[in-house]
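Colleague: Please find one structure pasted underneath; my questions will follow.
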Amino acid sequence: MEIRLAGPDDAEAIRAIYNVEVQTTTATFDLVPRSLEDQRAWLSARSGAFSALVAEQDGEVVGFAALSPYKERAAYRTSVEDSVYVHTDHQGRGIGKIVVNELLNIARLSGFHAVFARINASSEASRALHAACGFELVGVEREVGRKFNRWHDVAIMEALLPA
């Protein structure tokens, strides 16, 4: 498996993985699938310190992860939020852990101090993945998302990076 920075040619593969999550799970609170144009715009905003990575196996993108700004105010500039998605056919094989750990390394090298993960509180797999990568639960926001006609809580996990 190869972990590499995502490029423009990865937009369709990333979109395909993400849109399955939009349409069938609560891993994301997006309600509308992304168009290819939307995905390209998202990807073009992920460069430099806010990188997007892909996990590629046998020429197929099987997962991706990215860093995004945590908040807009200046005092939050040393904090970022992660996102990670693995193709449904490849989940449970350690791909998520590999890309999250690489993302944490990029965050550290980019000078960030804190990485946050906002996870549907009922997602035991995502919470366990982040815990295995050094994240700790720091709070739960109650009933902040509504999808599939249900309220959802969001668990906030944080990893503090060494200097």
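Colleague: Could you look through the range 148-161, keep only residues that are closer than 22 Å to Tyr70 by Cβ and of a type outside the set (A, V, I, L, M, F, W, C), and pick out the one that is surrounded by the fewest Cβ atoms within 10 Å (Cβ to Cβ)?
Modeller: Filtering first and then ranking leaves Asp153.
Colleague: One residue is enough: does the range 30-44 have a residue meeting the conditions within 14 Å of the chain's Cα centre (by Cα), under 24 Å from Arg127 (Cα atoms) and buried (at least 16 other Cβ atoms within 10 Å of the Cβ)?
Modeller: no
Colleague: Starting from the range 1-14, take each residue that is at positive phi and without any contact (Cβ under 8 Å) to a residue 40 or more places away in the chain and list its partners that are part of a strand (DSSP E or B) and loosely packed, with under 12 Cβ neighbours inside 10 Å, counting only C-beta distances under 8 angstrom and pairs at least six apart or across chains.
Modeller: Taking only residues 6 or more apart or on different chains, not a single pair turns up.
Colleague: For Ala128, work out the one condition from (1) of a type in the set (Gly, Ala, Ser); (2) free of Cβ contacts under 8 Å to residues at least 40 places away in the same chain; (3) in contact with an Asp or Glu (Cβ under 8 Å, 6 or more places away or on another chain) it doesn't fulfil.
Modeller: Of everything listed in (1) of a type in the set (Gly, Ala, Ser); (2) free of Cβ contacts under 8 Å to residues at least 40 places away in the same chain; (3) in contact with an Asp or Glu (Cβ under 8 Å, 6 or more places away or on another chain), Ala128 misses just condition (3).
Colleague: Filter the range 37-95 down to the residues that are outside any loop (DSSP other than H, G, I, E, B), more than 20 Å from Asp10 (Cβ to Cβ) and in contact (Cβ under 8 Å) with a residue 12 or more places away in the chain and list them by number.
Modeller: Passing the criteria: Pro69, Ser79, Val80, Glu81.
Residues are listed down the side, and each one gets a yes or a no for (1) at negative phi; (2) modelled with pLDDT under 95:
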position	(1), (2)
Phe29	yes, no
Pro33	yes, no
Gln39	yes, no
Ser51	yes, yes
Gly59	no, yes
Tyr70	yes, yes
Ser83	yes, no
Val86	yes, no
Val99	yes, no
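Colleague: Please find, within the range 20-29, the residue that is nearest to Gly145 (Cα to Cα) out of those that are free of Cβ contacts under 8 Å to residues at least 60 places away in the same chain and surrounded by 14 or more Cβ atoms within 10 Å (Cβ to Cβ).
Modeller: Thr28
The values are calculated or read from the model by the stated rules, or taken from the named source; none is laboratory data. Treat the numbers as computed from the prediction; the structure is a model and nothing was measured. Don't worry about glycine lacking a Cβ; one is built from the backbone with ideal geometry, like all the others, and counts go over all protein chains shown.
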